[in-house]
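Have a look at the structure below, then the notes.
The values are calculated or read from the model by the stated rules, or taken from the named source; none is laboratory data. None of the values given here were measured: they were computed from a predicted structure. Here Cβ is always computed from backbone atoms with ideal geometry, including for glycine, and neighbour counts include all displayed protein chains.
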Amino acid sequence: MGITTEDAKALTQRMMDQAKDIRSSYKFSEDEKMIPVALINADELTIVAMNWNNDKEKYQMAAAIKTMARMQNATSLTFVTDGRTVKNPDFMHYFGIPKDTPYAAYVSIYHQILRDHGGSVKDLPRQLWHDILMVMTNGPEIPLTVQVQNYIEGENDTVKYVDRLRNPDRFKSDLLTDWWN
């Protein structure tokens, strides 16, 4: 019997709660201190600290971890990270991207814009993005399940959690794809 969608959501919620505790242990201004991790759930749980300097290295790291999960016949793979995401309406307006742009075309445009602006969301104008924590998991019998938590600077350089991402079930990941195939 496979894991249910409710079980996957409960798992990612527990991991999000732990990620929030970890991120809150640092000052808001220490946004590069939280180390992204991957959890490979196989016969034994393997936790891998991930480190990268740019998107190319990030995707290479993800590919290596997906290969490890496949080799271990894992039942699930989870990525936990802090990061940044664009504010889609503001981003699209700023760069003149029509609202009805198909998803695949949008992804291509998005990645080209990032390449043109230093390769990372943090290189874009600050008003176009916000800070997030993200937990995503999937596996052969687990649908892609994502939890995203926005945060802002609180009083005295602390982390303050604000509204959650709406409709996380519609989130598509090009980082955590169907690694078991």
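Take Ile97 and decide whether it is among the β-branched types (Val, Ile, Thr), at pLDDT 90 or above and touching a Gly at 6+ places or on another chain (Cβ under 9 Å). Please lay out each step first, then the result.
Details: among the β-branched types (Val, Ile, Thr): yes; at pLDDT 90 or above: yes; touching a Gly at 6+ places or on another chain (Cβ under 9 Å): no.
No.
Asp31 - would you say it is without any contact (Cβ under 8 Å) to a residue 12 or more places away in the chain and either surrounded by 13 or more Cβ atoms within 10 Å (Cβ to Cβ) or assigned to a helix (DSSP H, G or I) (or both)?
Numbers: without any contact (Cβ under 8 Å) to a residue 12 or more places away in the chain: no; either surrounded by 13 or more Cβ atoms within 10 Å (Cβ to Cβ) or assigned to a helix (DSSP H, G or I) (or both): yes.
Here the answer is no, as Asp31 does not meet what is asked.
Could you list all residues from the stretch 52-73 that are farther than 21 Å from Val146 by Cα and at pLDDT below 90?
The answer is Trp52, Asn53, Asn54, Lys56, Glu57.
Taking the condition of a type in the set (Gly, Ala, Ser) and more than 25 Å from Ile22 (Cα to Cα), does Ala42 pass? Even if it seems obvious, please write down each step before you answer.
On the way: of a type in the set (Gly, Ala, Ser): yes; more than 25 Å from Ile22 (Cα to Cα): no.
Considered against the rule, which asks whether it is of a type in the set (Gly, Ala, Ser) and more than 25 Å from Ile22 (Cα to Cα), Ala42 comes out as no.
For the stretch 64-84, does any single residue satisfy the condition of being more than 19 Å from the chain's Cα centre (by Cα) and on the phi > 0 side of the Ramachandran plot?
The answer is yes, given that some residue of the stretch 64-84 is more than 19 Å from the chain's Cα centre (by Cα) and on the phi > 0 side of the Ramachandran plot.
Got at least one residue in the stretch 54-64 being closer than 15 Å to Asp174 by Cα, touching a residue at least 12 places away in the same chain (Cβ under 8 Å) and among the small types (Gly, Ala, Ser)?
yes
Would you be able to say whether some residue in the stretch 92-100 is touching a strand residue (DSSP E or B) at 6+ places or on another chain (Cβ under 6 Å) and without any contact (Cβ under 8 Å) to a residue 60 or more places away in the chain? Walk me through how you get there before you give the answer.
Keep residues of the stretch 92-100 that are touching a strand residue (DSSP E or B) at 6+ places or on another chain (Cβ under 6 Å), which gives none.
No, because not a single residue in the stretch 92-100 is touching a strand residue (DSSP E or B) at 6+ places or on another chain (Cβ under 6 Å) and without any contact (Cβ under 8 Å) to a residue 60 or more places away in the chain.
Only one of (1) polar (S, T, N, Q); (2) more than 16 Å from His130 (Cα to Cα); (3) surrounded by 13 or more Cβ atoms within 10 Å (Cβ to Cβ) is not met by Thr81, so which one is it?
Of the numbered conditions (1) polar (S, T, N, Q); (2) more than 16 Å from His130 (Cα to Cα); (3) surrounded by 13 or more Cβ atoms within 10 Å (Cβ to Cβ), the odd one out for Thr81 is (2).
Applying the selection to the stretch 1-28, what residues are loosely packed, with under 12 Cβ neighbours inside 10 Å and within 17 Å of Asn150 (Cβ to Cβ)?
If the condition is that a residue be loosely packed, with under 12 Cβ neighbours inside 10 Å and within 17 Å of Asn150 (Cβ to Cβ), then Asp21 is the only one that fits.
If you go through the stretch 67-76 one residue at a time, do you hit one that is under 29 Å from Asp7 (Cβ atoms), free of Cβ contacts under 8 Å to residues at least 40 places away in the same chain and part of a loop (DSSP other than H, G, I, E, B)?
yes
Tell me, which residue of the stretch 112-130 that is touching a residue at least 12 places away in the same chain (Cβ under 8 Å) and outside any loop (DSSP other than H, G, I, E, B) is surrounded by the fewest Cβ atoms within 10 Å (Cβ to Cβ)? Break it down stepwise before answering.
Residues of the stretch 112-130 touching a residue at least 12 places away in the same chain (Cβ under 8 Å): 113-114, 119-122, 124-125, 127-130.
With the extra rule that they be outside any loop (DSSP other than H, G, I, E, B), the set shrinks to 113-114, 121-122, 127-130.
Values: Ile113: 17, Leu114: 16, Val121: 21, Lys122: 14, Gln127: 10, Leu128: 19, Trp129: 19, His130: 17.
Per the stated criteria, the residue is Gln127.
For the condition among the hydroxyl-bearing types (Ser, Thr, Tyr) and under 23 Å from Asp17 (Cα atoms), what is the one hit in Thr67, Thr75? Working first, answer last.
Values: Thr67 fails: under 23 Å from Asp17 (Cα atoms).
Selected residue: Thr75, the only one of Thr67, Thr75 that is among the hydroxyl-bearing types (Ser, Thr, Tyr) and under 23 Å from Asp17 (Cα atoms).
Could you list, in sequence order, all residues of the stretch 34-57 that are in contact with a strand residue (DSSP E or B) (Cβ under 9 Å, 6 or more places away or on another chain) and of a type outside the set (A, V, I, L, M)?
Pro36, Asn41, Thr46
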